[in-house]
1. Is it the case, given these coordinates, that T92 is loosely packed, with under 15 Cβ neighbours inside 10 Å, closer than 22 Å to A35 by Cα and touching a residue at least 12 places away in the same chain (Cβ under 8 Å)?
2. Please work out if G46 is buried (at least 19 other Cβ atoms within 10 Å of the Cβ), at positive phi and in contact with a Ser or Thr (Cβ under 6 Å, 6 or more places away or on another chain).
3. Cβ contacts < 7 Å: first residue on the phi > 0 side of the Ramachandran plot and exposed (fewer than 14 other Cβ atoms within 10 Å of the Cβ), restricted to the range 145-160; second residue assigned to a strand (DSSP E or B) and among the charged types (D, E, K, R), any location; separation 6+ or different chain. Result?
4. Condition (residue is charged (D, E, K, R) and under 18 Å from the mean Cα position of the chain (by Cα)) applied to the range 75-92: is it met by at least one residue?
5. Please determine whether any residue of the range 20-37 is closer than 25 Å to L243 by Cβ and surrounded by fewer than 16 Cβ atoms within 10 Å (Cβ to Cβ).
6. Out of E20, E106, report the one residue that is among the acidic types (D, E) and under 15 Å from the mean Cα position of the chain (by Cα).
7. Would you say Q4 is farther than 21 Å from I188 by Cα and either in contact (Cβ under 8 Å) with a residue 12 or more places away in the chain or touching a His at 6+ places or on another chain (Cβ under 6 Å) (or both)?
8. Please state which one of R165, R143 is within 17 Å of K230 (Cα to Cα) and of a type in the set (K, R).
Amino acid sequence: MCGQCGLILGQKRRTRKELETLSSIFTNLLLLNEARGRDATGIYMGNKDGSGQILKDAVPANFFVKSARFRELMSSFDNSISVFVGHTRWRTVGTPTVSFNNHPIEADFFVGTHNGTILNHKELFFRYNWKRSGQVDSEAIFRMADVSLGNNKLLNMESFTGGLREFIGTMSFIMQNKYDPASLYIGIGNMPLHFLFHKKFRCYCYSSDPAMLVHATGNMPDWKIVELPKRKLYQFDVPTLKLRKSISMLFCSSRAYQSLV
């Protein structure tokens, strides 16, 4: 069990007060998601141009948000930022003392987070001869995304979800292609992921636990629940916040696998 949380920021010229409110919501989400994982905490702050910064450490969220590096990064939050991707890790595979094992995970083209466990990650890395930067099983998702790019460096969603059919375990994830920063990919499998939308802020807010969304947003009435069905991969256009595409995302669950062996 890990915690995923973040903000998806549509095109808008936000006031300083709005930026401060959203910064506070994201920080509160990290703190609340500590209950889902205390082994490490990390964030990715992505810019509209595809550049971004990753900050992560093998500490619980309540220590992480007090660090000078976190405060410095959040102080740079302005209207050039399009996504905040956060993660609180409950260790399964891979020691938290190795930075790459902690989330966000950065592959060659994709950066993102995952909640769940990929049981056959060793077999997948061997079968595809993927480069491996750490020990964590989650890396397999982002390596599969890397090899599912077309010649235009855009994700072929059919190829990617076809590859996921070979995965055994549990998953929900968020990821962005650094060469296509206007798109954000959200895979909702058999692990929880919940969303709110705020029209004035032009912002989606997400978390693994819906109660954490309510607490982090202060139960403000203008945040509206957004229902996204499970077992689907979604492509959102970040500037407009519109859903571009969704397709089925099938893989073998841990329970189904155990019933076969």
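1. No.
2. When the stated conditions are applied, G46 does not pass them.
3. Pairs that qualify, where the first residue is on the phi > 0 side of the Ramachandran plot and exposed (fewer than 14 other Cβ atoms within 10 Å of the Cβ) and the partner is assigned to a strand (DSSP E or B) and among the charged types (D, E, K, R): there are none.
4. yes
5. No.
6. E106
7. no
8. R165 is the lone residue from the list that is within 17 Å of K230 (Cα to Cα) and of a type in the set (K, R).
The values are calculated or read from the model by the stated rules, or taken from the named source; none is laboratory data. Here the structure is a predicted model, which is why all the values come from computation and not from measurement. In this analysis, Cβ positions are derived from the backbone assuming ideal geometry, glycine residues included, and neighbour counts consider all displayed protein chains.
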